[in-house]
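Let me begin by presenting the structure, written as structure tokens, before commenting on it.
The values are calculated or read from the model by the stated rules, or taken from the named source; none is laboratory data. Keep in mind that what you see is a predicted model, and the values were worked out from it rather than measured. Note: ideal-geometry Cβ built from the backbone for every residue, glycine included; neighbour counts use all protein chains shown.
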Amino acid sequence: MPAPLVPVEIREFAEPELPPGGALLRTALSEVCGTDVHLWHGRLSGVPYPIIPGHVATGTLDAIRGTLTDAEGGALREGDRVAFFDVHRTCGRCLACTAHRTPTRCGSRRVYGITDSATEGLYGGWAQKVYLEPGVVVARLPDGVSFESYIGGGCGLLTAVHIIERSKIVLGDTVVVQGAGAVGMSAAALARAAGAGQVIVIGAPQSRLDLSLKMGADVVINIDTTAPEARLEQVLALTRGLGADVVIEAAGSARAFEEGVRLARNGGAYVIAGHYTNVGDSTINVHEHINRKHLDIRGCWGSEVGHFLRALRVLERHHHDVPWHLIGAQKFGLAAINDALAVAASMEIPKALVDPWS
């Protein structure tokens, strides 16, 4: 991706000479997620174009120099099916990493496919091979978890793990998820697994809502056919007039935030995860919708190594009954990557996958 709003190009790179502890991943699948669309539209600041997008990828270890271990200290070998955590070079020493315990806000933090320039090498999943520099967290895919299931969950699943942690769902809670994209669908699935008594997904189009039901939602509400007041009335009717215990924003819309604070009950919680880019200001009545309701609002930015590892355990336990593989609705080769971006931007399908060898 040489720059925003220009066609993505195919370029050839030499295989890197691996340092001790480095590895080369033969990519099986990557994804076109909402972040990639934002990158293409130039909505993220500080991106060092040209970049190789694809911050989440999975495949097999093609080459290792020296010893490579997983997060638990187990030896990894060439040919192993693996995934890697896209965030790297977090310093572990700054206030964010230590005193504040918010490593997702570390100033040294870099992310494959987003903040690493293509001039530095193979740092993105839209490539046949990805360079795994020393220190990158690599984990073996659990037996039975397909590449399609892992990448169908993708970054949305990791974010959803963080969302559930921030939401502090209690057994029997009613959870409303705003947004039926990859993040929202995984959030619905994990809310169900975390013990929610009722999961309501609000979004569009209907095809995504139908898949949300398979992912774990009990009720879906189509924003294309309902007005905000009607949606509020429906949520109140489903919660005995109280509102939701937990509302999860995974829509990335300023209007969604304005609606979400009204959907939560008195003393409820609202987790904001979808505002990854600046989508404009929201207008609410702070007295009416936050203070008097005693509403707990929590931001949720990015993910950490723990969320990555827990996502793998969730997939190992639930991939048989939660169809993450269906989120990745269509595969595209590198020659068709601009078509994949256009389809992703149009929201025609939940997620486009990238198969760099097809």
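Only one residue in Leu68, Leu18, Leu44 is under 19 Å from Phe308 (Cβ atoms) and either in contact (Cβ under 8 Å) with a residue 40 or more places away in the chain or touching a Cys at 6+ places or on another chain (Cβ under 8 Å) (or both). Which one? Outline the logic, then answer.
On the way: Leu18 fails: under 19 Å from Phe308 (Cβ atoms); Leu44 fails: under 19 Å from Phe308 (Cβ atoms).
Selected residue: Leu68, the only one of Leu68, Leu18, Leu44 that is under 19 Å from Phe308 (Cβ atoms) and either in contact (Cβ under 8 Å) with a residue 40 or more places away in the chain or touching a Cys at 6+ places or on another chain (Cβ under 8 Å) (or both).
Could you go through the stretch 164-186 and let me know if any residue there is surrounded by fewer than 24 Cβ atoms within 10 Å (Cβ to Cβ), within 18 Å of Val305 (Cα to Cα) and either in contact with a Gly (Cβ under 9 Å, 6 or more places away or on another chain) or outside the structural domain of Gly268 (by TED's automatic domain parsing) (or both).
Yes.
Please find, among Gly328, Gly299, the residue that is touching a residue at least 12 places away in the same chain (Cβ under 8 Å), touching a helix residue (DSSP H, G or I) at 6+ places or on another chain (Cβ under 9 Å), surrounded by fewer than 17 Cβ atoms within 10 Å (Cβ to Cβ) and of a type in the set (Gly, Ala, Ser).
On the way: Gly328 fails: surrounded by fewer than 17 Cβ atoms within 10 Å (Cβ to Cβ).
Residue meeting the stated conditions: Gly299.
Look at Ala99 and say whether it is part of a loop (DSSP other than H, G, I, E, B), of a type in the set (A, V, I, L, M) and surrounded by 14 or more Cβ atoms within 10 Å (Cβ to Cβ). Let's see the steps before the verdict.
Working: part of a loop (DSSP other than H, G, I, E, B): yes; of a type in the set (A, V, I, L, M): yes; surrounded by 14 or more Cβ atoms within 10 Å (Cβ to Cβ): no.
No.
Could you please give the count of residues in the stretch 45-85 that are of a type in the set (Asp, Glu) and either outside any loop (DSSP other than H, G, I, E, B) or touching a helix residue (DSSP H, G or I) at 6+ places or on another chain (Cβ under 6 Å) (or both)?
Number satisfying all stated conditions: 1.
Just a yes or no: is a residue in the stretch 72-90 more than 23 Å from the chain's Cα centre (by Cα), in contact (Cβ under 8 Å) with a residue 40 or more places away in the chain and farther than 26 Å from Gly156 by Cβ?
At the first step, the residues of the stretch 72-90 found to be more than 23 Å from the chain's Cα centre (by Cα) are 72-80.
If we keep only those that are in contact (Cβ under 8 Å) with a residue 40 or more places away in the chain too, we end up with 74, 76, 80.
Okay, now just the ones that are also farther than 26 Å from Gly156 by Cβ, so 74.
Within the stretch 72-90 (the criterion being more than 23 Å from the chain's Cα centre (by Cα), in contact (Cβ under 8 Å) with a residue 40 or more places away in the chain and farther than 26 Å from Gly156 by Cβ), the answer is yes, since at least one residue qualifies.
With respect to Arg105, determine if the residue is of a type in the set (Lys, Arg), out of contact with any Pro (no Cβ under 7 Å at 6 or more places or on another chain), assigned by TED's automatic domain parsing to the domain that holds Val271 and closer than 22 Å to Thr90 by Cβ.
For Arg105, the condition - of a type in the set (Lys, Arg), out of contact with any Pro (no Cβ under 7 Å at 6 or more places or on another chain), assigned by TED's automatic domain parsing to the domain that holds Val271 and closer than 22 Å to Thr90 by Cβ - is not met.
For the stretch 220-260, which positions are assigned to a helix (DSSP H, G or I), among the aliphatic types (A, V, I, L, M) and buried (at least 23 other Cβ atoms within 10 Å of the Cβ)?
Val235, Ala256
If you take the residues in the stretch 297-317 that are in a helix (DSSP H, G or I) and not hydrophobic (A, V, I, L, M, F, W, C), which one is farthest from Phe85 (Cα to Cα)?
Among residues in the stretch 297-317 that are in a helix (DSSP H, G or I) and not hydrophobic (A, V, I, L, M, F, W, C), the one farthest from Phe85 (Cα to Cα) is Arg317.
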